[in-house]
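The values are calculated or read from the model by the stated rules, or taken from the named source; none is laboratory data. Bear in mind the structure is a predicted one, so any value in this text is a computation, not a measurement. Quick reminder, even Gly has a Cβ in these numbers, built from the backbone with ideal geometry, and neighbours come from all protein chains shown. Please note that ligands, DNA and RNA were not included when accessible areas were found on the heavy atoms of the full protein model with its side chains. Shrake-Rupley method; radii C 1.70, N 1.55, O 1.52, S 1.80 Å.
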Amino acid sequence: MPSIFSRIIAGEIPSYKVAEDENNYAFLDINPLRPGHVLVVPKHETDYIFDLTDEEYASLTLFAKRVAEAVKCAVTCKRVGVAVLGMEVPHAHIHLVPLNAESDLNFFGEHAKVEAEEMQRIADAIASHMTENHPELF
Ligand code: 5GP
């Protein structure tokens, strides 16, 4: 059975996509900690991030850096925080979360409530910065 993220990448399940390259895919987390919370996922389905090949890991983290830059441009925040958990979905992924305080990166705290329209607006804003800064990725 493909993971839910493989099904999102294949377009079988909708997502608020923000960026894609040959090896990786980025989209908004459906239950964001903060508005603009993005998941960055390798297309080659691997459960544990440190089981990726060196090439896949390097590709994923460099892609995540570019997405984080676009998130910083699109969402008002002091920094973009990074987390890797993988306790829920067995498909390696990096969380990118816009931060204004340390407490914004609390997976046990209250999550943001972001309406569908706002999710789409944020995804479009991040995607537009990605297209502007890295047109080769699309
Ligand atoms: P983790 O595996 O890192 O503990 O958490 C998985 C993350 O994936 C959670 O933040 C959860 O909200 C997100 N997630 C789970 N299912 C979906 C989905 O179908 N679509 C999207 N966009 N995010 C999901």
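The gain in end-to-end length when the N100 to T131 segment is fully stretched comes to 8.6 nm, 0.36 nm per residue minus the alpha carbon separation. Stretched out straight at 0.36 nm per residue, the stretch from L62 to R7 would grow longer than its current Cα-Cα span by 17.5 nm. Fully extending the segment from M87 to F108 would add 6.3 nm, taking 0.36 nm per residue of separation and subtracting the current Cα-Cα distance.
Residues whose amide H lies under 5 Å from that of A19, counting only those 5 or more places away or on a different chain, are A26; hydrogens are built 1.01 Å from N in the peptide plane. Comparing L85, L60, L39 in a Gaussian network model of the chain (Cα springs below 10 Å), the most mobile by mean-square fluctuation is L85. Pairwise Cα separations in segment 32-138 fall into 10 Å bins from 0 onward with the following percentages, short to long: 15, 43, 36, 6.
Leaving out ligands and nucleic acids, and using a 1.4 Å probe, what accessible area per residue does segment 58-136 come to in Å²?
Values: 4700 Å² over 79 residues.
On a per-residue basis, 60 Å².
In a simple Cβ point-charge model (Lys, Arg +1; Asp, Glu -1; nothing else charged), segment 4-137 has a dipole of about 440 debye relative to its Cα centre.
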